[in-house]
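Structure first, then comments.
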Amino acid sequence: MVNSAPIGGASSVGVGAPAPEAVRVQELQPADFPRWDEFVSGCPEATFFHRAGWKTVVERAFGHRTKFLYAEAGGRIEGILPLAEVKSILFGHALVSLPFCVYGGVAAGSERARRLLDEAAVALAEEWRVDHLEYRSLAPRHSEWAHTDLYVTFRKAIDREVERNLNEIPRKQRAMVRKGIKAGLKSEIDEGVERLFPAYADSVHRLGTPVFSRRYFEILREVFGSDCEVLTVTRDGELIASVMSFYFRDEVLPYYGGGTEHAREVAGNDFMYWELMRRACERGIRVFDYGRSKRGTGSFDFKKNWGFEPQPLHYEYRLFRGKRVPEHNPLNPKYRLFIKLWRQLPLPLANLIGPHIVKSLG
């Protein structure tokens, strides 16, 4: 049950001053989507992953129970907190803000809203008897909670001039971009995910990790529309690489992507990310968000080679029934055998089984 009791009162108000409007926590309803997103658009703390559409995505694509909470006073939203339950026999029971997203947690315009949303989340975690409550935050908020520093993000300003952006890429990485250009690679925007999915699925299978379903990508495109764009790279009509990116305010976030087995030969991924940056620059985007990577991985090194500096992500955990921070990631030694065996599965079989596993990872 969401706590909707008001906070604030006359005891904190000076003589003659009007009493502050009471703040209540409410649960997001379909009719509230526009004003929720209006708050997200104007709140500096909010990210693309705070958008109301994620409620639809998580419920439809994965079947998870959600609670998107907002703190309201006088008809105005002062803070939001998107939450979803992830429950499985293998990976435990969690309340997360937000699964399948790199950023989350409370986004608020006032401390009273932040405090009340935190209290509501803790109450919900206790009611649902989860192992832990998890916030995926850009800034630290709860020093008393357990935390992990495994993840970082990579963000960098885009210059207004295309050539200057190219010249700012370190020399060795810039040479890889030029290799792709000389190989005759071309980029274009796709309306659907028909080419994205095989490029992505092939790539993650080689890494030994389960794949999302094609339906998940279709739902993302349907829910977020033009703010969810697919860019595909080809050579002489042959699929080389593809990436799905999110647009939010003045930022672009390449999020899901991959290359075929031929991509490495022609620097397909390097060319693809450059084309995304070039196109974003031309449409006036000012921030390139390369997204989350784990320290000590190839993805981490790849992004550093582009001249991006890692910025720590503050993943915070309020433990309830759980005794320690979960480690559901490929760097955990106990998953090494699974990764090795997964790579040996035929791709069609991996694509069939993968979505049933990955939905429980969050």
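The values are calculated or read from the model by the stated rules, or taken from the named source; none is laboratory data. What you see is a predicted model, and the numbers here were worked out from it, not measured in a lab. Cβ: placed from backbone, ideal geometry, glycine included. Neighbour counts: every protein chain shown. Remember, those area values only see protein heavy atoms, side chains included, never the ligands or the DNA or RNA. Shrake-Rupley method; radii C 1.70, N 1.55, O 1.52, S 1.80 Å.
Annotations for the structure displayed:
- Annotation: of all residues in the range 182-224 being in a helix (DSSP H, G or I) and of a type in the set (Phe, Trp, Tyr), the one that is farthest from Glu265 (Cα to Cα) is Phe224.
- Single match in Ala84, Ala107 (criterion: closer than 21 Å to Phe246 by Cβ, in contact with a Cys (Cβ under 8 Å, 6 or more places away or on another chain) and not hydroxyl-bearing (Ser, Thr, Tyr)): Ala107
- Candidates Ser110, Ser97 - the one that is small (Gly, Ala, Ser) and out of contact with any Lys or Arg (no Cβ under 8 Å at 6 or more places or on another chain): Ser110
- Filter result for Tyr255 (modelled with pLDDT of 95 or more, closer than 27 Å to His50 by Cα, in contact with an Asp or Glu (Cβ under 6 Å, 6 or more places away or on another chain) and not polar (S, T, N, Q)): no
- Ala31, sole failed condition from (1) assigned to a loop (DSSP other than H, G, I, E, B); (2) open to solvent by 10 Å² or more (accessible area, probe 1.4 Å): (1)
- When Glu144, Glu127, Glu119, Glu163 are checked against the criterion of being in a loop (DSSP other than H, G, I, E, B) and over 19 Å from the mean Cα position of the chain (by Cα), a single residue qualifies: Glu144.
- Residue within the range 86-95 that is over 12 Å from Ala108 (Cα atoms), of a type in the set (Ser, Thr, Tyr) and free of Cβ contacts under 8 Å to residues at least 40 places away in the same chain present: no
- The lone criterion from (1) open to solvent by 10 Å² or more (accessible area, probe 1.4 Å); (2) closer than 24 Å to Leu352 by Cβ left unmet by Ala241 is number (1).
- Scanning the range 82-125 for residues that are over 24 Å from Val211 (Cβ atoms), of a type in the set (D, E, K, R) and surrounded by fewer than 20 Cβ atoms within 10 Å (Cβ to Cβ) turns up Glu111, Arg112, Arg115, Glu119.
- Per-region count, the range 53-85, residues closer than 17 Å to Glu218 by Cα and touching a Leu at 6+ places or on another chain (Cβ under 7 Å): 3
- Candidates are the residues of the range 271-299 that are charged (D, E, K, R) and assigned to a loop (DSSP other than H, G, I, E, B); the one that is modelled with the lowest pLDDT is Arg295.
- Within the range 166-181, the set of residues being open to solvent by 20 Å² or more (accessible area, probe 1.4 Å), in a helix (DSSP H, G or I) and touching a residue at least 24 places away in the same chain (Cβ under 8 Å) comprises Glu168, Lys172, Met176, Lys179, Ile181.
- Checked against the criteria, Asp159 counts as among the acidic types (Asp, Glu), touching a helix residue (DSSP H, G or I) at 6+ places or on another chain (Cβ under 7 Å) and surrounded by 14 or more Cβ atoms within 10 Å (Cβ to Cβ).
- Condition check for Ala84: in a strand (DSSP E or B) and of a type outside the set (D, E, K, R): yes
- The set of residues from the range 300-332 being open to solvent by 80 Å² or more (accessible area, probe 1.4 Å), farther than 24 Å from Pro355 by Cβ and either modelled with pLDDT under 90 or among the aromatic types (Phe, Trp, Tyr) (or both) comprises Arg321, Lys323, Arg324.
- Test result for Phe154, among the aromatic types (Phe, Trp, Tyr) and touching a Lys or Arg at 6+ places or on another chain (Cβ under 7 Å): yes
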